[in-house]
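Before any comments, here is the structure.
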Amino acid sequence: MNMKVSSRAVAILKQIDSRTKLGDLRKMAKEIKKDHSLAMELWASVNFCHGSYPF
């Protein structure tokens, strides 16, 4: 399944890897929760089981 991902979502996903600290994730989440459509896009764009990103 190939879906379009906004440039803002790509920028956020590029910041997240196995070394991302919980505090950094919480800061991102605080901003993302203000934009429900972005949050839903991020949730739908990530394959959590395999840790792969759609870009």
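The values are calculated or read from the model by the stated rules, or taken from the named source; none is laboratory data. Note that this is a predicted model, so its numbers are computed, not measured. Every residue, glycine as well, gets a Cβ built from its backbone with ideal geometry; the counts of neighbours run over all protein chains shown.
For K27, state whether it is at pLDDT 90 or above and surrounded by 10 or more Cβ atoms within 10 Å (Cβ to Cβ). For K27, the condition - at pLDDT 90 or above and surrounded by 10 or more Cβ atoms within 10 Å (Cβ to Cβ) - is met. Scanning the range 30-42 for residues that are in a helix (DSSP H, G or I) and either touching an Asp or Glu at 6+ places or on another chain (Cβ under 8 Å) or surrounded by fewer than 10 Cβ atoms within 10 Å (Cβ to Cβ) (or both) gives K30, H36, S37. What are the pairs, 6+ residues apart or on separate chains, where a residue within the range 29-55 that is over 16 Å from D17 (Cβ atoms) has its Cβ under 7 Å from a residue that is part of a loop (DSSP other than H, G, I, E, B) and modelled with pLDDT of 85 or more? Listed pairs, sorted by first residue: E41/S6. Suppose the filter is at pLDDT 90 or above and out of contact with any Gly (no Cβ under 6 Å at 6 or more places or on another chain); does L13 pass it? When the stated conditions are applied, L13 does not pass them.
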